[in-house]
1. Dipole magnitude of the chain about its Cα centre, charges +1 at Lys/Arg Cβ and -1 at Asp/Glu Cβ only, in debye to the nearest 20?
2. Indicate the gyration tensor shape class of the chain (rounded, prolate or oblate), computed on the Cα atoms with a ≥ b ≥ c the square roots of the eigenvalues: a/c under 1.5 is rounded; otherwise a/b larger than b/c is prolate and the rest oblate.
3. Starting from the amide H of ILE175, placed 1.01 Å from N in the peptide plane, find each other amide H under 5 Å away whose residue is 5 or more places distant or on another chain.
4. What whole-number value in Å² describes the accessible area per residue of the chain for a 1.4 Å probe?
5. Cα axis of helix 55-64 to longest principal axis of the chain: angle in degrees, 0 to 90, nearest 10?
6. Just add up the charged neighbours of TYR72: K/R +1, D/E -1, any other residue whose Cβ is under 14 Å from the Cβ of TYR72.
7. If I fit a long axis through the Cα atoms of helix 115-129 and take the longest principal axis of the Cα atoms of the chain, what angle between them do I get, 0 to 90°, rounded to 10?
8. Express in Å², to the nearest 10, the accessible area of PHE146 obtained by rolling a 1.4 Å probe over the protein heavy atoms while all chains stay in place.
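The values are calculated or read from the model by the stated rules, or taken from the named source; none is laboratory data. What you are looking at is a predicted structure, and each value in this text was computed from that prediction instead of being measured. Reconstructed Cβ throughout: ideal geometry from the backbone, glycine too, with neighbour counts over all protein chains shown. Heads up: the accessible areas ignore ligands, DNA and RNA and are worked out on the full protein's heavy atoms, side chains in. Shrake-Rupley method; radii C 1.70, N 1.55, O 1.52, S 1.80 Å.
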Amino acid sequence: MALKKFLPGRLGFGAAPLGNMFRDIPEAEALATVEAAWADGIRYFDNAPFYGAGLAEIRMGEALAGKPRDQYAISTKVGRLILDEMEDVSARDQGEKGEVFKFGRPNRIVNDYSGDATLRSIEDSLKRLKTDRIDIAFVHDVAQDFYGDEWLAMFESARKGAFRALDRLRDEGVIGAWGLGVNRVEPIELLLGLDGPRPDAFLLAGRYTLLDHDRALQRVMPMVAERGLGIVVGGPYSSGALVGGPHFEYAPATPAILAKVAAIKAIADRHGVSMKAAGLQFALANPAVAAVIPGASRPSRIAEDSRALAENIPADFWRELREAGLVNPAAPLPAGPFSPAP
């Protein structure tokens, strides 16, 4: 899998919470969380300008300043420009994510997938992240959850602009790899069906999790595996719902989702399995998945993720989930705990 050569481990750090996702996170707490991830051996960090209007990138750049650059990998995203002018945060049209970053910076966010904007976005991210290179660049959110019926038009804009620009930057060695960073499977299917662009990897958030994996399993995972590419699974805890949080898909969890979580947890409790372990190890069992990147906004969460990856889950747990109809019959299941190493 080509993606693995860019990733120094199967467990990465998703930086969305650093952008004040759902709450106003103190600066010291945000920086300490990244430091905890580094101390725990995590060396892959995913970010995006969208996370708090540049706040997550700024905080990560500060936290990683002074760390040996050849020892870690960074992915970030293009498609949004963060301007110096301010705007009313409450008036932003952000599709299904309208309330997610209301505590972020008030800088104006402009959606732009053109080639010129892509180059500027990379340049701006390099400054905020205080680094000289981006290992993986993902084209962000060209999907239904953000653009609704206009998503195909935005995808076409990216096809003519961002895809070609990133192809060129990759071939010139400015970035290591590129692909899509989305919360829906359809854009990945569409891109893989094109003749022109040559993506290397995908970040798929929320669509290959213990709570929601049927659709990705049908087409996307096999297509990615057949081409020797790779997927980074974002949101492996389904915005926190899997581990007892109130959100699913960045919104309050529905009764149906909460009932499914309760059913899985009842089986997990009988087998002494943590929900974090079940979520991380399920995602990594698919051969198309190169890494998982749970988000964290508190230092204590980092060690929990590492322990979950190494937890020994009995085969009977997975068998019960399958028998209860809580896991798709075609989903690959773990055969043992995972090492954080590639």
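1. Magnitude of the dipole: close to 700 debye.
2. Since a/c stays below 1.5, the shape of the chain is classed as rounded.
3. ARG170
4. 39 Å²
5. Relative to the chain, helix 55-64 is tipped by roughly 80 degrees.
6. Charge balance near TYR72 sits at -1.
7. 70 degrees
8. Only protein atoms counted, so the area is about 20 Å².
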